[in-house]
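The values are calculated or read from the model by the stated rules, or taken from the named source; none is laboratory data. Keep in mind the model is a prediction, meaning the values are calculated, not measured. Every residue, glycine as well, gets a Cβ built from its backbone with ideal geometry; the counts of neighbours run over all protein chains shown.
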Amino acid sequence: MKENVNNDVLVNAEAFTIATQMYVRLRRVSSRVIDVMYLVSNKAYAKHIVVIALATQDAELERYVARLIPLIDLYPEPKAVVVAEQRDSFENERVEALNVYSSEVTAEEIYQAQVSHHYIGALR
């Protein structure tokens, strides 16, 4: 496990280095600005930026792309299962919150809500 974590850190560090160099070069060549942190963490975005970089037909960008492509395949897969579980728990909390507020409003609650409006009059 520790070896796997170290490998992920090395992949991210190398990808970050290449991505920052691509950022500078793309900005100079085509006035295009990219999100380096998102490129390092998202496979689909990284592939999209590779296509954009190759479309510029710049030799230096092509070298960066050649270094980045093997690293993109090593990116860790996103954990969609955790996101789905979090969404389900959020929905359950939302339903519980709706159930709390769905009760009838009492006369006492109406009076308490109106008391704050009488505060200024009470000072006179």
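Contact map, region 44-58: residues that are of a type outside the set (Val, Ile, Thr) and surrounded by 12 or more Cβ atoms within 10 Å (Cβ to Cβ) paired with residues that are in a loop (DSSP other than H, G, I, E, B) and at pLDDT below 95, Cβ distance under 8 Å, separation 6+ or inter-chain. Pairs shown: TYR45/ASP35; ALA46/TYR75. Note on region 24-43: residues that are farther than 12 Å from VAL65 by Cα and surrounded by 14 or more Cβ atoms within 10 Å (Cβ to Cβ) total 10. Among GLU96, GLU104, GLU108, GLU91, which is outside any helix (DSSP H, G or I) and either modelled with pLDDT under 90 or within 30 Å of VAL36 (Cα to Cα) (or both)? Every option except GLU104 fails the conditions.
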